[in-house]
Structure formats: C-alpha cells, structure tokens
Amino acid sequence: MNKEPKVTHYGTWILNEEKDIKIECYVMDNGERVLSLRGAARTIGLSGNGSQALTRNLNTQWISPFLSDKLKDWLEKANRNELVSYKGVRGRIFLPFEASLFVDLCTAYVDAMHEGALQTEKQKQTAQRLYVIMTAFAKTGLVAVIDEVTGYQADRDRDALQKVLEAYISEELLPWARRFPDEFYKQMFRLRGWEYKGKAKPPYAGKLTNEYIYHYLPKGVLEELRHQTPKSKAGNRTNRFHQHLTEETGLPNLDRQLQQTIALMKASDTWDEFDHLFKKAMGEPVQLKLDFEAEK
C-alpha cells in the first residue's frame, strides 16, 4: 500500500493581489511540488469545484489538440473520479495539481491563443491570465517559484550543502602530506615576477592559492575548511586545509584543480595572460568570493 504523501512546506504565490491571482503551493515529503487544484482553477478564473471546473474546460473539443499527453492522462483520471486527495495544512483536504501539469495547462491555453482557436471572450480572458502567470515563472521555472514561496528553498540548499560537505570534508584529520607541487609555486612566482626560494613564500601566495584553487571547490567547502582550521593567537593555522579533505572526493578534486591551473600557468607569459586564460577556462568560482586572507 502506497504511503500518502505529507506536506512539508506550504506557501501562497501572489502574482497580482488586485486581480486575485494567487496560488496555494505545497512541497510534499516525496519531493512533489503541487498546487491546490481548487486554487489553481480559481486563479485562472474558473468558478465552482476545482476538479469539475477544470475538467469541464479541458473536456471541450477546441482545446484537445493543445493538451500534452500528461495532461490528457490526468484528465482521464479526473473523468473517472480517480484523483487522490492529500491532507494539507491544519488537516485541510485538497486535490493536488502537479507543477508540471500546471505548466502544461498554461502552455495549452497560450498555444491555443496564438493559433486563434479561442472561441469566446471567457476563453480569451482565461488564456490571458495564464499567459501572465506563465510569464511570471518563465525565467526561473515553476518548481523554483514553489520552492521559494513555501520556504523549501532554504531547507533544500541546506540539505544540498550538507551532502557536499559530507563528500568533501573528512571526519578525521589526515596526516600531513605534500599536496601542492613545487611546480605550482614556481609558475606562480615566475608569472608574478617574484624570486622563488623554495619553502619561503609571501603571505600573498596564500591569498592567490585560495582564489585560484580552494574557491573552485564547491560552495561551502572553503568556509567549512576555515571553520575546521581556526587560527592561533599568533595568526597561524596548526593544520593545512587539505588535511581536512576526504580521500575519496575532496583530495582528487583538489589535485584536479591544481593540475588544470598549473597547465594554464605554463601556457602563459604574464600573470594577466594567465588570469584571462584561467577565467575563460574555469568561469566564475562556484562559490562566492570571500575576503582574501593570507592562508593555505
């Protein structure tokens, strides 16, 4: 027996308060993003029972050519009274309408409008309302809108970050081992016009290491490495960042970033040329740049 999905996040998407264009949005514990069918029908200007009002409109012959296969399947279930209700906020029962189905519904009406298939003023008004709604989520997508208005986006991002950190950050401190080859610093010093003296490095070398290496690990990793490796009162770190990376994921990705960076350094005659090639090849870092610190 299938377990009934439960609401984990809820919110109301208000597009136009004056015109009463607002939709109740839900995120279920199985990952579904759904709308209240009654709310969706009311929003597009259909009165009465949500499922009956919508099925009545979709059963009309003029719109049939514009319905997606998924929307047709839903319509068949609705005609057979096979739609399953969910329990919503404060125990309220509602009929769900999947986000993807609502997108298909908007597309059907807008396509019909462009094809000149609308026959009545009411149909034209409905199509226009759906066009306004479709425009509102066209850039980010309806799922992203639902995640934002329900507050699920913050939890989703937090869960995603936790998974990244579990993959990249080791629970145990790894023994020190040389991870940054001399070639990386030799090329850095050559391009910066510095004299290379082996282990002796200016603090700015640590800033550059963060900018071109650690900043290109997934967002949140550098912040966690800083947290795991606090500075002493003297301003030094007792451990190196790479000692906190996992052997399965963290270190291989660090090594890959190093090798790619060294190759671009070797292909450059000046630091500006390297910086241009690097940004062209790597793009912007996957995480927001933090204020530079002299660390590595």
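What follows draws every value from the coordinates through simple rules; no lab data is involved. All of these numbers come straight from a predicted model, not from anything done at the bench. Don't worry about glycine lacking a Cβ; one is built from the backbone with ideal geometry, like all the others, and counts go over all protein chains shown.
The table below lists the values:
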read-out: Sites excluded, chymotrypsin sites (Phe, Trp or Tyr not before Pro) in DSSP loops with at most 16 other C-beta within 10 Å, longest stretch of the chain; value: 1-175
read-out: Cross-link pairs beyond the 24 Å C-alpha cut-off, checked among Lys87/Lys163; Lys207/Lys231; Lys163/Lys199; Lys163/Lys201; value: Lys87/Lys163; Lys163/Lys199; Lys163/Lys201
read-out: Magnitude of the charge dipole, the chain, Cβ model with Lys/Arg +1 and Asp/Glu -1, debye to 20; value: 480 debye
read-out: Simple spin-label estimate for Trp271 and Phe180 in nanometres, 7 Å along Cα-Cβ; value: 1.5 nm
read-out: Protection proxy ranking of 113-126, 34-47 - average other beta-carbon atoms within 10 Å, highest first; value: 34-47, 113-126
read-out: Within the chain, helix-based [θ] at 222 nm, where runs of 4 or more DSSP H residues each add -39,500 (n - 2.57), nearest 500; value: -15000 deg cm²/dmol
read-out: Average Cα contact separation per residue, the chain, under 8 Å, 6 or more apart, as relative contact order %; value: 16 percent
read-out: Whether region 145-197 is rounded, prolate or oblate, judged on the alpha carbon gyration tensor where a/c under 1.5 counts as rounded; value: oblate
read-out: Proportion of all alpha-carbon pairs of the chain beyond 34 Å (%); value: 47 percent
read-out: Cα Rg over Rh - region 7-150, Kirkwood; value: 0.94
